[in-house]
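Right, I'll just put the structure down here and ask away after.
The values are calculated or read from the model by the stated rules, or taken from the named source; none is laboratory data. Because the structure is predicted, anything quoted here is derived from the model rather than measured. Every residue, glycine among them, receives a Cβ derived from its backbone with ideal geometry; neighbour counts consider all protein chains shown. Note: areas computed on protein heavy atoms with side chains; ligands, DNA, RNA excluded. Shrake-Rupley method; radii C 1.70, N 1.55, O 1.52, S 1.80 Å.
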Amino acid sequence: MSQPVLLVVAHGSRDPRHAATVHALVRRVRALRPGLRVETGFLDFNVPSVGGVLESLAAEGVRDVVALPLLLTRAFHAKADIPAVLREAPARLRIRQAEVLGPSPLLLSALERRLYEAGLTPADKSSTGVVLASAGSTDPEAIAVIAEIAREWRHTGWCAVRPAFASAALPRTEDAVRELRALGCARVAVAPYVLAPGRLPDRIARGATDADVLADVLGAAPEVAHLLLHRYDAARRPVLTALGA
């Protein structure tokens with residue numbers, strides 16, 4: 001039996017850097033598992049759309065698909081938007097929605113990779129305060145998850161870790177930077193907990209003006225690519241059934 005197609009479901013953005021970063025990540029996933037067919041679909045702004053990809057796969061005779069939300073938290077898009085799009089897929093497709101990417105130790109490893117690429121070293125951890133800067137959400141569950149990740153990350157040796165949000169929740173990045181300064185951290189770093197560039201990541205960057213270090217977005221970090229495959233493998237283990245059956 002052939003393995004299901006992996007359909008990476010990205011949010012989409014008017015910012016061309018977003019789609020370019022998503023495609024770079026998907027290329028890395030393909031390189032990690034050459035025999036796996038990996039497709040990309042966007043919920044908005046970019047093509048191909050998720051629905052368009054599903055129609056094309058069905059027309060080719062594909063039967064099994066794992067739809068993987070390229071999302072870090074289980075908020076509105078994962079709970080409502082993506083299931084709604086998948087329910088409209090051709091009936092012949094058997095689709096299983098994989099879990100969102102976060103939380104995961106692999107994401108913490110990717111965050112630290114980006115911080116070290118930005119100039120920090122492991123020896124700096126105990127004297128560095130980190131702002132875990134996410135896009136933000138109106139979903140209380142998603143906000144609570146970010147706060148818990150910050151608490152867990154603090155226990156790996158950082159001076160302090162504070163969550164921040166670019167929209168929908170507080171504090172903002174600049175407020176968290178000031179709080180870490182007030183705590184007496186020798187340096188302050190901002191780690192964007194976002195996958196690709198865009199309007200909200202740019203807002204995070206503006207809020208990091210007074211920080212000592214600003215890391216890049218997670219993007220096509222190898223840990224993120226491995227995590228996509230972990231989520232795919234976990235989703236395909238049960239018997240695939242028609243969505244909504």
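Please list, ordered by first then second residue, the pairs with beta carbon atoms under 6 Å, 6 or more apart or interchain, first in the range 225-237 and touching a residue at least 12 places away in the same chain (Cβ under 8 Å) and on the phi < 0 side of the Ramachandran plot, second among the charged types (D, E, K, R) and assigned to a helix (DSSP H, G or I).
Ala225/Arg28
With the checklist (1) open to solvent by less than 30 Å² (accessible area, probe 1.4 Å); (2) under 30 Å from Val38 (Cα atoms); (3) out of contact with any Ser or Thr (no Cβ under 9 Å at 6 or more places or on another chain) in hand, flag the one item His226 doesn't pass.
(1)
Now for a separate question. Keeping to the range 8-26, report how many residues are in a helix (DSSP H, G or I) and under 19 Å from Ser56 (Cα atoms).
So the answer is 2.
OK, next. Quick test of your reading of the structure: Leu218 fulfils all but one of (1) open to solvent by less than 20 Å² (accessible area, probe 1.4 Å); (2) under 16 Å from Val130 (Cα atoms); (3) touching a Lys or Arg at 6+ places or on another chain (Cβ under 6 Å). Name the failing condition by number.
If we test Leu218 against (1) open to solvent by less than 20 Å² (accessible area, probe 1.4 Å); (2) under 16 Å from Val130 (Cα atoms); (3) touching a Lys or Arg at 6+ places or on another chain (Cβ under 6 Å), just (3) comes out false.
Right, next: Quick one: which residue in Leu183, Leu170 is exposed (fewer than 15 other Cβ atoms within 10 Å of the Cβ) and in contact (Cβ under 8 Å) with a residue 24 or more places away in the chain?
Answer to the check: Leu183.
Could you tell me whether Ala189 is open to solvent by less than 60 Å² (accessible area, probe 1.4 Å), more than 19 Å from Leu71 (Cβ to Cβ) and either assigned to a strand (DSSP E or B) or out of contact with any strand residue (DSSP E or B) (no Cβ under 6 Å at 6 or more places or on another chain) (or both)?
Yes: the conditions hold for Ala189.
Further question: State yes or no: is Ala164 open to solvent by less than 40 Å² (accessible area, probe 1.4 Å), within 20 Å of Ala110 (Cβ to Cβ), touching a Lys or Arg at 6+ places or on another chain (Cβ under 7 Å) and not in a loop (DSSP other than H, G, I, E, B)?
yes
For the range 148-161, name all the residues that are within 19 Å of Leu195 (Cα to Cα) and touching a Gly at 6+ places or on another chain (Cβ under 8 Å).
Across the range 148-161, the qualifying residue is only Ile149.
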